[in-house]
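Contents: one structure, followed by commentary.
Just so you know, all these numbers are worked out from the coordinates, no wet-lab data involved. Predicted, not measured: the structure shown is a model, and the values here were computed from it. We place every Cβ from the backbone using ideal geometry, glycine too, and count neighbours over all the protein chains shown.
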Amino acid sequence: MRPFVTRSSMVIDAPCQRNLELVRNIYDGSTNGTLLSVLDHTVTSMAGRKLREWLLNPLLDPQEINKRLDAVAEIKDRHQVRSGVRTALGRVYDLERLISRVSLGVANARDLTALKLSFKRFLISGTFCPERLRPDQGPPGQLGRPRLPVLAHRSGHQ
């Protein structure tokens, strides 16, 4: 008999979050001295929110945990690639916020321009082309130009 699991992540209730000091400390409610403050070296607010979400909702599936660990190990071991990705992402606007403003119909011209620039920067840097991180794709740590046919294929355009 197997347990019936409806979630892919663990639920950590508020008292446990507080006692473990995952994102807020017990003393003054700030992030000082928390697990988040130790781990958070993100360069974008999107990544900071994702890290916070991962800390508050840890994975349960061992295969998914291992996939995440493998991805972290790969980028950790490739300093030049990691540095290039951090630099590229540092020049990208907060896409989650921008996309939510567009979907709510409250985006203004500045938001749309920021969205356009961010997408353009992704394409130029090749930041989100996973094949760029594989060792068999040229010299280690070399971002180079993105592989546009791969990106076009994924987006459904040729």
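Whole angstrom only: what separates the Cα centroid of the range 52-70 from the Cα centroid of the range 10-33? Between the Cα centres of the range 52-70 and the range 10-33 lies a distance of 19 Å.
When Y93, Y27 are arranged by Cβ crowding within 10 Å, least crowded first, meaning fewest neighbours, the order is Y27, Y93. Using the Cβ of D111 as centre and a radius below 11 Å, the other residues enclosed give a net charge of +3, where K and R count +1 and D and E count -1.
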